[in-house]
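Participant: Take a look at this one; I'll ask things after.
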Amino acid sequence: MNNKGENMSKMEKHMDVQPEGSQRFQGRDALRMNIMAGKVVAEIIKTTLGPKGMDKMLVEGPGHVMITNDGATILNRIDIAHPAAKMIVEVARTQDQEVGDGTTTAVVLAGELLKKAESLLDQDVHVTTITSGYNMASERALKILRDLGDDVSIDNEKILVEIAKTSMTGKAAEKSIEKLAKIAVDAVKIVTSTEDGVNSASKNDIKITVKEGGNLEGSSIIKGLLVDEERPSYTMPQKVNSAKIALLTTAIEIKKTGAESKIRITSPESMQGFVEQEDFMLKRMVDRIVNTGANVVICQKNIDENAIAYLSKAGVYTLKSVSQDEIKKISKATGAKIVGMALDLEPSDLGKAELVEERKVGDERMTFVEGCVDPKAASILVRGGTKQFVETIERALDDAIGVLIAVVKEGVICTGAGASEMEIAKGLSAFSNSLKGKEQLAVKAFSESLEGIPKAIAENSGLDMIDVLVELRAAHNDIDGKTMGINIKNGKVEDMKKQGVVEPLKVKEQAIQSATEAAIMILRIDDVLAGKELAKSEAYRNMAG
């Protein structure tokens with residue numbers, strides 16, 4: 001019986017229920033492979049962290065090159081096949097969606113947690129103990145972080161500008177960072193609504209338009225909307241003051257019949273009558289628009305050439321083929337109701353703006369809708385010498401707007417430049433000493449992982465990361481050292497609160513949560529199996545490499 005049992009055990013051990021040639025990784029092999037994949041992704045973008053982080057060149061095809069140091073953009077654009085690596089990419093995506101910035105911090109922290117976990121595994125600490133310790137550390141870290149937070153009001157423009165500047169530092173915007181930060185703050189203020197003491201704002205209400213030509217100082221904010229369309233006829237007015245705006249979703253033209261049909265015309269008179277009837281119907285639509293008092297009409301669909309001529313004659317500024325998204329923004333900004341057909345338009349449906357004007361921006365003409373009473377929508381026009389440059393500034397502004405919205409909603413900030421991470425690391429180190437089980441090692445590892453953020457900032461700034469870390473630890477051991485961080489301008493450890501290096505507490509909070517969750521998910525995987533479709537793919541067969 002014993003021999004039979006031993007033989008069965010050997011058979012089970014060597015039997016593979018998956019198709020021949022498919023890859024399977026088990027136990028420590030699976031764990032090591034997944035940890036390595038996560039670390040590799042973190043290392044890719046680690047050098048972009050901080051104000052002096054380096055850039056990455058993304059080559060997406062012949063003639064299409066992107067240069068950026070934005071973590072979310074890099075990870076979204078590069079081709080990653082490994083499933084565990086994709087989990088780290090998801091950390092960046094979640095961070096970007098939730099708070100709009102801090103993607104590199106979140107990914108680097110996840111990489112550090114995996115690296116420290118690997119060291120613990122070498123010491124024969126069980127995975128369950130590591131994950132349990134990481135969960136404990138994460139909860140304590142968030143508590144320490146919340147105690148570090150300072151309340152901030154939307155009316156405190158000085159702090160909001162500093163937050164925007166912190167977000168944009170190191171992203172090619174230094175020359176005009178003060179102006180761009182002010183633009184971002186103004187845009188967020190315009191779109192913020194307050195109800196029962198609770199602020200709300202959405203990125204969707206802020207449109208960023210980039211145009212090559214000019215210089216960065218020529219960038220501006222439009223307290224209304226910038227529509228990337230021009231008049232269909234130069235005989236229309238170029239500028240309309242005290243604009244009354246009609247928004248239509250249906251084309252101003254004669255619809256063709258749905259079914260195939262023929263019209264028999266037996267004489268010139270019949271032809272003339274047919275043309276006159278079409279013309280009458282178009283004139284009727286235009287008259288309806290004009291009679292409501294509208295002097296601007298913006299249509300989502302096409303407008304017939306004859307209708308354009310009639311609108312032009314009536315002095316109505318017209319835009320056609322405007323996107324649905326733009327129509328909604330214009331409605332929100334001007335108070336205009338979105339109407340289906342021109343014949344259904346009523347005077348009460350019109351929106352208002354002080355000015356609607358077509359202007360030349362670079363080589364293109366665009367429509368500016370300005371002077372809305374309570375716009376709740378804003379447009380930012382970014383100018384710059386090259387396409388790559390203005391796209392970089394667009395991403396920097398997008399990040400700044402994201403963090404400002406997070407501050408407006410949450411109303412809490414903390415210090416940057418590694419100050420908050422070091423203070424949390426100090427608290428976790430003390431907490432780990434109070435534990436008796438092996439979880440103490442995991443909490444201590446979590447603490448050291450957080451120190452990886454200021455270490456990376458120092459290293460990317462050309463500083464000696466060991467010296468900086470020692471100095472930071474000493475500063476945070478002082479009772480008044482909670483806000484001490486790295487001033488990369490002079491390489492010294494200084495009070496970042498006094499320096500104005502602040503960011504939303506939500507950014508740090510989300511980074512800790514996302515990084516911990518991703519690390520724990522990866523550490524809990526002990527078997528990598530091929531699914532039916534994946535087993536056929538070349539990517540999976542090469543995954544071990």
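Participant: Report the paramagnetic label zone for T128: residues of segment 416-452 whose backbone N is under 14 Å from a point 7 Å from Cα along the Cα-to-Cβ axis.
Facilitator: Under cut-off, by backbone N: 438-439.
Participant: In debye, nearest 20, what is the charge dipole magnitude of the chain about its Cα centre with +1 on Lys and Arg Cβ and -1 on Asp and Glu Cβ, if you could check?
Facilitator: It works out to roughly 360 debye.
Participant: So, one more: Segment 294-424: D in µm²/s via Stokes-Einstein (Kirkwood Rh, Cα pairs, 20 °C, 1.002 mPa s)? Intermediate results must be reported in sequence, preceding the final value.
Facilitator: Values: Rh = 18.3 Å.
For these conditions, the coefficient is 117 µm²/s.
Participant: What are the membrane-span-like helices in the chain by this rule: whole DSSP H runs, Cα extent along the axis at least 30 Å, mean Kyte-Doolittle hydropathy at least -0.5?
Facilitator: 127-148, 268-291, 387-410, 439-460
Participant: Of the listed pairs K46/K426; K171/K244; K360/K508, which have alpha-carbon separations greater than 32 Å here?
Facilitator: From K46/K426; K171/K244; K360/K508, over 32 Å: K171/K244; K360/K508.
Participant: Also, I was wondering about something else. How would you rank 232-244, 293-305, 192-204, 153-165, highest first, on the average number of other Cβ atoms within 10 Å across their residues?
Facilitator: The densest-packed peptide leads the list: 293-305, 153-165, 232-244, 192-204.
Participant: Please compute the length gained on full extension between E43 and N433, using 0.36 nm multiplied by the number of residues separating them and subtracting their Cα-Cα distance.
Facilitator: 137.4 nm
Participant: Please work out which option in (i) 105, 68, 47; (ii) 82, 55, 45; (iii) 61, 54, 49 gives Cα extents along the principal axes in Å calculated from these coordinates, and answer with its label.
Facilitator: Correct label is (i).
Participant: Next up: T194 label point, 7 Å along Cα→Cβ, cut-off 13 Å on backbone N: hits in segment 133-169?
Facilitator: Once the point is set 7 Å along Cα→Cβ of T194, 152-157 turn out to lie under 13 Å by backbone N, inside segment 133-169.
Participant: How big is the shadow of the Cα convex hull of segment 41-188, averaged over all directions, in nm²?
Facilitator: That works out to 11.7 nm², a quarter of the Cα hull's surface.
Participant: In the chain, if the dipole is taken from +1 on Lys/Arg beta carbons and -1 on Asp/Glu beta carbons about the Cα centre, which of M285, S119, N433 is farthest to the positive end?
Facilitator: M285
Participant: What pairs from K182/K207; K182/K409; K39/K498 go past 27 Å between their alpha carbons?
Facilitator: K39/K498
Participant: Using only DSSP helix segments of four residues or longer, with each worth -39500 (n - 2.57), what per-residue ellipticity at 222 nm results for the chain after dividing by its residue count and rounding to 500?
Facilitator: Per the formula, -16000 deg cm²/dmol.
Participant: If Rh is defined by the Kirkwood formula over all Cα pairs and Rg also comes from Cα, what ratio Rg/Rh do you get for segment 438-512?
Facilitator: My calculation of the ratio gives 0.98.
Participant: OK, next. Any idea what the relative contact order of the chain is, in percent, if you count C-alpha pairs under 8 Å spaced at least 6 apart? Could you put the intermediate results ahead of the total?
Facilitator: Numbers: 1023 pairs, mean separation 142.9, N = 545.
That works out to 26 percent.
Participant: A follow-up question, please. Highest mean first, how do 469-479, 175-185, 92-102 rank when packing is the count of other Cβ atoms within 10 Å averaged over residues?
Facilitator: In descending order of packing, they fall as 92-102, 175-185, 469-479.
Participant: Identify, among N135, V89, V443, the residue whose Cα sits farthest towards the positive end of the charge dipole of the chain, taking +1 on the Cβ of Lys and Arg and -1 on the Cβ of Asp and Glu, with the dipole about the Cα centre.
Facilitator: It is V89, whose Cα lies furthest towards the positive end.
All of the numbers you see were taken from the coordinates with simple rules; none came from a lab. Just so it is clear, the model here is predicted, and its values are computed rather than measured. Please note: Cβ atoms are built from the backbone with ideal geometry, for glycine as well, and neighbour counts cover all protein chains shown.
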